[in-house]
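Below: one structure, written as C-alpha coordinates.
The values are calculated or read from the model by the stated rules, or taken from the named source; none is laboratory data. Quick caveat: nothing in here was measured; it's all calculated off a predicted structure. Note: ideal-geometry Cβ built from the backbone for every residue, glycine included; neighbour counts use all protein chains shown. Accessible surface areas use protein heavy atoms only, side chains included; no ligands, DNA or RNA. Shrake-Rupley method; radii C 1.70, N 1.55, O 1.52, S 1.80 Å.
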Amino acid sequence: MKPTDMDKEGTELTEETEHMIEKNGAKETENVVSAGDTKEMRAVILSGFGGLNKLRVTKKAMPEPQEGEVKIRVKACGLNFLDLMVRQGNIDNPPKTPLVPGFECSGIVEAMGENTKGFEIGDRVMAFVNYNAWAEVVCTPLDYVYNMPDDMTFPEAAAFSMNFVAAYMMLFEVANLREGMSVLVHSAGGGVGQAVAQLCATIPSVTVFGTASSFKHEAIKDSVTHLFDRNADYVQEVKKISPEGVDIVLDCLSGENTGKGLGLLRPLGTYILYGSSNMVTGETKSFFSLAKSWWQVEKVNPIKLYEENKVIAGFSLLNLLFKQGRCGQVKTVVEKLFSLYNQKKIKPVVDSLWALEEVKEAMQRIHDRGNIGKLILDVEKSPTPLVPLGENSTRKKTAGNIPT
(Lines give C-alpha, C1' and ligand atoms only; values in the text may rest on other atoms or scores of the structure.)
Protein backbone atom coordinates (compact mmCIF):
# COMPACT_ATOMS: atom_id res chain seq x y z
CA MET A 1 0.00 0.00 0.00
CA LYS A 2 1.09 3.53 -0.66
CA PRO A 3 -0.16 6.58 1.19
CA THR A 4 -2.11 9.20 -0.71
CA ASP A 5 -0.04 11.79 -2.57
CA MET A 6 -0.69 15.31 -1.42
CA ASP A 7 0.28 17.57 -4.25
CA LYS A 8 -1.78 20.50 -3.03
CA GLU A 9 -0.10 20.43 0.35
CA GLY A 10 3.41 20.24 -1.08
CA THR A 11 5.46 17.12 -1.31
CA GLU A 12 8.50 18.22 0.60
CA LEU A 13 8.03 18.41 4.36
CA THR A 14 11.09 19.82 6.10
CA GLU A 15 11.74 20.70 9.69
CA GLU A 16 11.01 24.31 10.39
CA THR A 17 12.85 26.24 13.08
CA GLU A 18 11.18 29.62 12.97
CA HIS A 19 9.65 30.73 16.24
CA MET A 20 5.98 31.31 16.90
CA ILE A 21 4.83 34.40 18.79
CA GLU A 22 1.24 34.81 19.86
CA LYS A 23 -0.45 38.05 18.91
CA ASN A 24 -0.94 39.17 22.48
CA GLY A 25 2.40 37.82 23.63
CA ALA A 26 0.83 36.57 26.84
CA LYS A 27 2.01 33.01 26.44
CA GLU A 28 5.14 33.62 24.47
CA THR A 29 7.43 32.17 27.10
CA GLU A 30 5.32 29.02 27.31
CA ASN A 31 5.39 28.24 23.61
CA VAL A 32 8.47 29.69 21.95
CA VAL A 33 11.94 30.64 23.09
CA SER A 34 14.98 32.04 21.44
CA ALA A 35 17.89 29.71 20.90
CA GLY A 36 20.14 29.56 23.93
CA ASP A 37 17.53 30.71 26.47
CA THR A 38 16.73 27.16 27.56
CA LYS A 39 16.72 23.61 26.30
CA GLU A 40 14.73 23.14 23.14
CA MET A 41 12.97 20.22 21.48
CA ARG A 42 11.25 19.44 18.21
CA ALA A 43 7.47 19.40 18.27
CA VAL A 44 4.53 19.43 15.89
CA ILE A 45 2.75 22.76 16.19
CA LEU A 46 -0.87 23.41 15.20
CA SER A 47 -0.85 27.14 14.49
CA GLY A 48 -4.61 27.44 14.00
CA PHE A 49 -7.62 25.31 13.14
CA GLY A 50 -8.04 24.31 9.53
CA GLY A 51 -6.20 22.36 6.85
CA LEU A 52 -2.93 20.49 6.77
CA ASN A 53 -1.01 23.73 6.22
CA LYS A 54 -1.71 24.59 9.86
CA LEU A 55 0.73 21.88 10.97
CA ARG A 56 4.51 22.22 11.08
CA VAL A 57 7.50 20.98 13.02
CA THR A 58 9.42 23.62 14.92
CA LYS A 59 11.52 24.17 18.03
CA LYS A 60 9.99 25.06 21.37
CA ALA A 61 10.98 25.10 25.00
CA MET A 62 11.44 21.69 26.56
CA PRO A 63 9.04 21.22 29.50
CA GLU A 64 10.27 20.34 32.98
CA PRO A 65 8.22 18.17 35.36
CA GLN A 66 6.15 19.83 38.04
CA GLU A 67 5.23 18.19 41.32
CA GLY A 68 3.65 14.81 40.68
CA GLU A 69 4.67 14.74 37.02
CA VAL A 70 6.86 12.42 34.96
CA LYS A 71 9.14 13.73 32.21
CA ILE A 72 9.27 11.35 29.25
CA ARG A 73 11.72 11.26 26.35
CA VAL A 74 9.21 10.34 23.65
CA LYS A 75 9.93 7.51 21.24
CA ALA A 76 6.54 7.09 19.55
CA CYS A 77 3.16 8.86 19.46
CA GLY A 78 -0.26 7.64 18.39
CA LEU A 79 -2.25 9.34 15.64
CA ASN A 80 -6.03 9.04 15.91
CA PHE A 81 -9.01 10.25 13.90
CA LEU A 82 -9.72 12.51 16.86
CA ASP A 83 -6.46 14.34 16.14
CA LEU A 84 -7.77 15.13 12.67
CA MET A 85 -10.95 16.55 14.19
CA VAL A 86 -8.89 18.62 16.62
CA ARG A 87 -6.88 20.04 13.72
CA GLN A 88 -10.10 21.13 12.05
CA GLY A 89 -11.51 22.57 15.29
CA ASN A 90 -14.31 20.06 14.88
CA ILE A 91 -14.69 19.31 18.60
CA ASP A 92 -16.56 20.79 21.54
CA ASN A 93 -14.72 23.59 23.32
CA PRO A 94 -11.51 23.39 21.27
CA PRO A 95 -8.40 24.68 23.06
CA LYS A 96 -6.61 27.84 22.02
CA THR A 97 -3.93 27.65 19.37
CA PRO A 98 -1.00 27.42 18.88
CA LEU A 99 -0.79 24.02 20.53
CA VAL A 100 1.03 20.69 20.28
CA PRO A 101 -1.49 17.96 19.35
CA GLY A 102 -1.53 14.36 20.51
CA PHE A 103 -2.95 12.42 23.45
CA GLU A 104 -0.78 9.30 23.79
CA CYS A 105 2.87 8.40 23.59
CA SER A 106 5.53 5.96 24.72
CA GLY A 107 9.12 6.56 25.72
CA ILE A 108 11.69 6.56 28.51
CA VAL A 109 11.42 8.29 31.88
CA GLU A 110 14.00 11.09 31.91
CA ALA A 111 13.13 12.91 35.14
CA MET A 112 10.46 13.22 37.82
CA GLY A 113 8.99 16.14 39.69
CA GLU A 114 8.87 16.42 43.46
CA ASN A 115 6.81 13.84 45.36
CA THR A 116 6.65 11.59 42.31
CA LYS A 117 7.01 7.91 43.15
CA GLY A 118 6.49 4.66 41.32
CA PHE A 119 8.92 5.22 38.44
CA GLU A 120 12.66 5.33 37.96
CA ILE A 121 14.78 7.15 35.41
CA GLY A 122 15.19 4.84 32.43
CA ASP A 123 11.81 3.11 32.81
CA ARG A 124 10.05 2.26 29.55
CA VAL A 125 6.56 3.74 29.79
CA MET A 126 3.42 4.59 27.86
CA ALA A 127 1.32 7.59 28.82
CA PHE A 128 -1.82 9.58 28.21
CA VAL A 129 -1.27 13.30 27.71
CA ASN A 130 -3.84 16.10 27.62
CA TYR A 131 -2.40 17.43 24.34
CA ASN A 132 1.37 17.98 23.79
CA ALA A 133 2.18 14.34 22.91
CA TRP A 134 3.65 15.03 19.45
CA ALA A 135 7.02 16.23 20.71
CA GLU A 136 10.42 14.90 21.70
CA VAL A 137 9.66 15.41 25.40
CA VAL A 138 6.40 15.47 27.39
CA CYS A 139 5.50 15.92 31.05
CA THR A 140 2.32 14.36 32.39
CA PRO A 141 0.93 13.47 35.85
CA LEU A 142 2.09 10.08 37.12
CA ASP A 143 -1.52 8.83 37.24
CA TYR A 144 -1.48 8.76 33.43
CA VAL A 145 1.82 6.86 33.09
CA TYR A 146 2.25 3.07 32.99
CA ASN A 147 5.29 0.80 32.85
CA MET A 148 5.31 -1.11 29.56
CA PRO A 149 5.52 -4.91 29.35
CA ASP A 150 9.07 -6.06 28.66
CA ASP A 151 8.27 -7.46 25.22
CA MET A 152 6.24 -4.48 24.00
CA THR A 153 7.89 -2.13 21.49
CA PHE A 154 7.50 1.65 21.65
CA PRO A 155 5.31 1.76 18.50
CA GLU A 156 3.10 -1.00 19.94
CA ALA A 157 2.73 0.93 23.20
CA ALA A 158 1.75 4.11 21.35
CA ALA A 159 -0.79 2.03 19.42
CA PHE A 160 -2.07 0.38 22.58
CA SER A 161 -3.22 2.95 25.09
CA MET A 162 -6.21 4.78 23.61
CA ASN A 163 -7.44 2.05 21.28
CA PHE A 164 -7.33 -0.97 23.57
CA VAL A 165 -8.45 0.85 26.70
CA ALA A 166 -11.42 2.36 24.87
CA ALA A 167 -12.31 -0.97 23.27
CA TYR A 168 -12.06 -2.86 26.57
CA MET A 169 -14.12 -0.38 28.57
CA MET A 170 -16.86 -0.18 25.96
CA LEU A 171 -17.12 -3.95 25.59
CA PHE A 172 -16.75 -5.07 29.17
CA GLU A 173 -17.60 -2.14 31.44
CA VAL A 174 -20.36 -0.45 29.46
CA ALA A 175 -21.89 -3.27 27.38
CA ASN A 176 -20.96 -6.24 29.64
CA LEU A 177 -19.80 -8.53 26.82
CA ARG A 178 -20.33 -12.20 27.62
CA GLU A 179 -20.08 -15.58 25.94
CA GLY A 180 -22.35 -16.06 22.94
CA MET A 181 -23.04 -12.37 22.31
CA SER A 182 -22.79 -10.54 18.98
CA VAL A 183 -21.09 -7.21 18.24
CA LEU A 184 -21.27 -4.79 15.31
CA VAL A 185 -18.25 -2.50 14.97
CA HIS A 186 -17.77 0.16 12.31
CA SER A 187 -14.33 0.98 10.86
CA ALA A 188 -13.25 -2.57 11.66
CA GLY A 189 -9.89 -2.01 9.99
CA GLY A 190 -8.91 0.94 12.18
CA GLY A 191 -7.06 0.92 15.48
CA VAL A 192 -10.13 0.64 17.71
CA GLY A 193 -11.85 -1.78 15.32
CA GLN A 194 -8.92 -4.17 15.40
CA ALA A 195 -8.69 -3.89 19.19
CA VAL A 196 -12.40 -4.71 19.46
CA ALA A 197 -11.98 -7.75 17.24
CA GLN A 198 -9.05 -9.09 19.27
CA LEU A 199 -10.79 -8.55 22.60
CA CYS A 200 -13.95 -10.26 21.37
CA ALA A 201 -11.80 -13.26 20.44
CA THR A 202 -10.88 -13.66 24.13
CA ILE A 203 -14.50 -14.56 24.93
CA PRO A 204 -15.95 -17.83 23.63
CA SER A 205 -18.53 -17.84 20.83
CA VAL A 206 -18.69 -14.07 20.25
CA THR A 207 -19.84 -13.14 16.74
CA VAL A 208 -18.29 -9.96 15.32
CA PHE A 209 -19.88 -8.08 12.43
CA GLY A 210 -17.62 -5.43 10.94
CA THR A 211 -17.83 -2.72 8.29
CA ALA A 212 -14.76 -1.48 6.44
CA SER A 213 -13.62 -0.17 3.07
CA SER A 214 -13.52 -3.01 0.56
CA PHE A 215 -9.77 -2.74 -0.08
CA LYS A 216 -9.15 -3.63 3.59
CA HIS A 217 -11.21 -6.83 3.54
CA GLU A 218 -8.46 -9.20 2.50
CA ALA A 219 -6.16 -7.97 5.29
CA ILE A 220 -8.72 -8.09 8.11
CA LYS A 221 -11.10 -10.87 7.04
CA ASP A 222 -9.74 -13.29 9.63
CA SER A 223 -10.23 -10.86 12.53
CA VAL A 224 -14.03 -10.63 12.29
CA THR A 225 -16.78 -13.19 11.73
CA HIS A 226 -18.71 -11.30 9.06
CA LEU A 227 -17.33 -8.36 7.07
CA PHE A 228 -19.30 -5.87 4.99
CA ASP A 229 -18.35 -2.95 2.77
CA ARG A 230 -18.71 0.36 4.57
CA ASN A 231 -20.97 1.65 1.77
CA ALA A 232 -23.23 -1.40 1.68
CA ASP A 233 -26.63 -1.73 3.36
CA TYR A 234 -25.12 -3.43 6.41
CA VAL A 235 -28.45 -3.46 8.27
CA GLN A 236 -29.96 -5.89 5.77
CA GLU A 237 -26.74 -7.91 5.59
CA VAL A 238 -26.67 -8.34 9.38
CA LYS A 239 -30.35 -9.31 9.50
CA LYS A 240 -29.83 -11.98 6.82
CA ILE A 241 -27.38 -13.67 9.18
CA SER A 242 -28.92 -12.67 12.52
CA PRO A 243 -32.62 -11.75 12.09
CA GLU A 244 -32.90 -10.58 15.70
CA GLY A 245 -29.98 -8.20 15.31
CA VAL A 246 -26.96 -7.86 17.59
CA ASP A 247 -26.27 -7.36 21.30
CA ILE A 248 -23.74 -4.53 21.02
CA VAL A 249 -23.23 -1.77 18.45
CA LEU A 250 -20.03 0.29 18.59
CA ASP A 251 -20.47 3.42 16.48
CA CYS A 252 -17.68 5.86 15.65
CA LEU A 253 -19.55 7.35 12.68
CA SER A 254 -22.74 8.94 14.07
CA GLY A 255 -25.20 10.61 11.71
CA GLU A 256 -27.64 8.22 10.08
CA ASN A 257 -25.79 5.25 11.59
CA THR A 258 -27.20 6.08 15.03
CA GLY A 259 -30.74 5.17 13.99
CA LYS A 260 -29.53 2.12 12.08
CA GLY A 261 -27.54 0.92 15.08
CA LEU A 262 -30.44 1.32 17.49
CA GLY A 263 -32.67 -0.51 15.05
CA LEU A 264 -30.29 -3.47 14.98
CA LEU A 265 -30.22 -3.97 18.75
CA ARG A 266 -31.72 -7.05 20.30
CA PRO A 267 -33.69 -6.67 23.54
CA LEU A 268 -31.27 -5.69 26.34
CA GLY A 269 -28.75 -4.69 23.68
CA THR A 270 -26.40 -1.69 24.02
CA TYR A 271 -25.57 0.98 21.44
CA ILE A 272 -22.41 2.98 22.22
CA LEU A 273 -21.41 6.15 20.38
CA TYR A 274 -17.70 6.90 20.72
CA GLY A 275 -16.97 9.13 17.73
CA SER A 276 -18.47 11.15 14.90
CA SER A 277 -16.17 10.71 11.92
CA ASN A 278 -19.03 11.28 9.48
CA MET A 279 -18.72 14.96 10.33
CA VAL A 280 -15.34 14.99 8.59
CA THR A 281 -15.60 15.14 4.81
CA GLY A 282 -13.05 17.60 3.45
CA GLU A 283 -9.70 18.86 4.65
CA THR A 284 -11.22 21.66 6.71
CA LYS A 285 -14.27 21.88 8.95
CA SER A 286 -17.53 21.71 7.03
CA PHE A 287 -20.54 23.27 8.68
CA PHE A 288 -22.72 21.56 6.07
CA SER A 289 -21.36 18.11 7.03
CA LEU A 290 -21.73 18.98 10.71
CA ALA A 291 -25.35 20.04 10.25
CA LYS A 292 -26.14 17.05 8.02
CA SER A 293 -24.69 14.59 10.50
CA TRP A 294 -26.53 16.22 13.39
CA TRP A 295 -29.81 16.28 11.44
CA GLN A 296 -29.48 12.59 10.55
CA VAL A 297 -29.03 11.50 14.16
CA GLU A 298 -32.23 9.84 15.24
CA LYS A 299 -33.85 11.70 18.11
CA VAL A 300 -34.04 9.17 20.92
CA ASN A 301 -37.33 8.74 22.76
CA PRO A 302 -36.74 7.37 26.29
CA ILE A 303 -40.19 5.81 26.30
CA LYS A 304 -39.27 3.86 23.16
CA LEU A 305 -36.06 2.65 24.82
CA TYR A 306 -38.12 1.52 27.79
CA GLU A 307 -40.62 -0.32 25.63
CA GLU A 308 -37.96 -2.03 23.50
CA ASN A 309 -35.53 -2.81 26.35
CA LYS A 310 -32.58 -1.06 24.69
CA VAL A 311 -29.63 0.83 26.12
CA ILE A 312 -27.95 3.83 24.50
CA ALA A 313 -24.60 5.08 25.82
CA GLY A 314 -21.68 7.33 24.97
CA PHE A 315 -18.00 6.87 25.68
CA SER A 316 -15.08 9.30 25.71
CA LEU A 317 -11.86 7.96 27.20
CA LEU A 318 -10.19 11.38 27.29
CA ASN A 319 -13.09 12.95 29.17
CA LEU A 320 -13.10 10.01 31.56
CA LEU A 321 -9.41 10.63 32.28
CA PHE A 322 -8.95 14.37 32.15
CA LYS A 323 -12.38 15.75 33.11
CA GLN A 324 -13.98 13.06 35.24
CA GLY A 325 -10.96 11.84 37.21
CA ARG A 326 -11.31 8.11 36.61
CA CYS A 327 -7.55 7.42 36.45
CA GLY A 328 -7.79 4.55 38.93
CA GLN A 329 -10.46 2.79 36.91
CA VAL A 330 -8.43 3.21 33.71
CA LYS A 331 -5.28 1.94 35.45
CA THR A 332 -7.10 -1.26 36.43
CA VAL A 333 -8.13 -1.74 32.79
CA VAL A 334 -4.55 -1.14 31.60
CA GLU A 335 -3.31 -3.83 33.99
CA LYS A 336 -5.89 -6.31 32.66
CA LEU A 337 -4.88 -5.48 29.09
CA PHE A 338 -1.18 -5.91 29.86
CA SER A 339 -2.00 -9.35 31.24
CA LEU A 340 -3.77 -10.26 28.00
CA TYR A 341 -0.79 -8.91 26.02
CA ASN A 342 1.66 -10.97 28.07
CA GLN A 343 -0.50 -14.03 27.42
CA LYS A 344 -0.21 -13.18 23.70
CA LYS A 345 -3.99 -12.93 23.37
CA ILE A 346 -3.87 -9.37 22.04
CA LYS A 347 -1.32 -7.40 20.04
CA PRO A 348 -1.61 -3.86 18.65
CA VAL A 349 -1.75 -3.63 14.87
CA VAL A 350 0.63 -0.92 13.62
CA ASP A 351 -0.24 0.33 10.15
CA SER A 352 2.79 2.54 9.50
CA LEU A 353 5.55 4.65 11.06
CA TRP A 354 6.03 8.33 10.19
CA ALA A 355 8.58 10.96 11.08
CA LEU A 356 7.32 14.09 12.82
CA GLU A 357 8.05 15.98 9.60
CA GLU A 358 5.69 13.61 7.78
CA VAL A 359 2.71 14.36 10.00
CA LYS A 360 0.73 15.98 7.18
CA GLU A 361 1.02 12.91 5.00
CA ALA A 362 0.19 10.62 7.93
CA MET A 363 -2.89 12.68 8.69
CA GLN A 364 -3.96 12.53 5.06
CA ARG A 365 -3.69 8.73 5.18
CA ILE A 366 -6.03 8.53 8.16
CA HIS A 367 -8.39 11.05 6.53
CA ASP A 368 -8.58 8.80 3.47
CA ARG A 369 -9.30 5.80 5.73
CA GLY A 370 -6.27 4.15 4.19
CA ASN A 371 -4.88 2.66 7.40
CA ILE A 372 -5.23 -0.86 8.74
CA GLY A 373 -4.51 -0.50 12.45
CA LYS A 374 -2.69 2.43 14.00
CA LEU A 375 -0.58 5.19 12.49
CA ILE A 376 2.47 6.02 14.60
CA LEU A 377 4.68 9.09 14.68
CA ASP A 378 8.21 7.77 15.27
CA VAL A 379 10.09 10.65 16.88
CA GLU A 380 13.50 9.26 15.96
CA LYS A 381 12.62 8.41 12.36
CA SER A 382 14.13 10.53 9.59
CA PRO A 383 11.81 11.73 6.83
CA THR A 384 11.74 9.46 3.81
CA PRO A 385 14.05 10.92 1.13
CA LEU A 386 12.67 12.30 -2.09
CA VAL A 387 12.81 9.78 -4.89
CA PRO A 388 12.69 10.48 -8.65
CA LEU A 389 9.80 8.85 -10.48
CA GLY A 390 11.32 9.11 -13.95
CA GLU A 391 13.64 11.04 -16.11
CA ASN A 392 11.25 13.88 -16.85
CA SER A 393 8.87 13.48 -13.90
CA THR A 394 8.49 15.68 -10.88
CA ARG A 395 10.02 14.37 -7.68
CA LYS A 396 7.54 12.94 -5.27
CA LYS A 397 7.89 11.62 -1.78
CA THR A 398 6.55 8.39 -0.40
CA ALA A 399 6.46 9.04 3.31
CA GLY A 400 6.07 6.61 6.13
CA ASN A 401 7.24 3.09 6.72
CA ILE A 402 4.33 0.86 5.72
CA PRO A 403 4.54 -2.90 6.18
CA THR A 404 3.76 -4.92 3.08
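Only helices (runs of 4 or more DSSP H) wholly contained in segment 304-386 count here; list those with 2 or more residues that are closer than 22 Å to L142 by Cβ and more than 20 Å from the chain's Cα centre (by Cα).
327-342
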Exercise. Has segment 56-74 got any residue that is farther than 19 Å from L375 by Cα, open to solvent by less than 20 Å² (accessible area, probe 1.4 Å) and modelled with pLDDT under 95?
Worked result: no
Seminar exercise, completed: Checked segment 189-219 for anything surrounded by fewer than 16 Cβ atoms within 10 Å (Cβ to Cβ) and at pLDDT 95 or above; matches are A201, T202, I203, P204, S205
Exercise. Does V183 satisfy the criteria of being farther than 20 Å from I366 by Cα, open to solvent by less than 50 Å² (accessible area, probe 1.4 Å) and assigned to a strand (DSSP E or B)?
Worked result: yes
Exercise. How about segment 103-180: which strands (runs of 3 or more DSSP E) wholly inside it have at least 3 residues that are open to solvent by less than 10 Å² (accessible area, probe 1.4 Å)?
Worked result: 104-112, 124-128, 137-141
For this session: Report yes if some residue within segment 305-314 is of a type in the set (S, T, Y) and surrounded by 15 or more Cβ atoms within 10 Å (Cβ to Cβ); otherwise report no.
Result: no
Problem set entry | Residue list for segment 108-132, restricted to those being more than 30 Å from K96 (Cα to Cα) and either of a type in the set (A, V, I, L, M) or at pLDDT 95 or above (or both) | F119, E120, I121, G122, D123, R124
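Here's the yes/no breakdown for (1) surrounded by 14 or more Cβ atoms within 10 Å (Cβ to Cβ); (2) over 18 Å from V249 (Cβ atoms); (3) at pLDDT below 55:
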| residue | (1), (2), (3) |
| --- | --- |
| K260 | yes, no, no |
| Y271 | yes, no, no |
| S276 | yes, no, no |
| F287 | no, yes, yes |
| W294 | no, yes, yes |
| V297 | yes, no, no |
| I303 | no, yes, no |
Exercise. Of the residues in segment 84-98, how many are without any contact (Cβ under 8 Å) to a residue 60 or more places away in the chain and over 18 Å from C252 (Cα atoms)?
Worked result: 5
Problem set entry | R42 vs. criteria assigned to a strand (DSSP E or B), touching a residue at least 60 places away in the same chain (Cβ under 8 Å), among the basic types (K, R) and in contact with a strand residue (DSSP E or B) (Cβ under 7 Å, 6 or more places away or on another chain) | yes
Problem set entry | Members of segment 325-359 that are touching a Pro at 6+ places or on another chain (Cβ under 8 Å), open to solvent by 30 Å² or more (accessible area, probe 1.4 Å) and of a type in the set (A, V, I, L, M, F, W, C) | V350, L353
Exercise. Can you name the residue in segment 220-243 that is part of a loop (DSSP other than H, G, I, E, B) and under 19 Å from T202 (Cβ atoms) and, of all such residues, is least open to solvent (accessible area, probe 1.4 Å)?
Worked result: V224
For this session: Filter segment 107-146 for residues that are in contact (Cβ under 8 Å) with a residue 12 or more places away in the chain, charged (D, E, K, R) and in contact with a strand residue (DSSP E or B) (Cβ under 8 Å, 6 or more places away or on another chain) and give the result.
Result: E110, D123, R124, E136
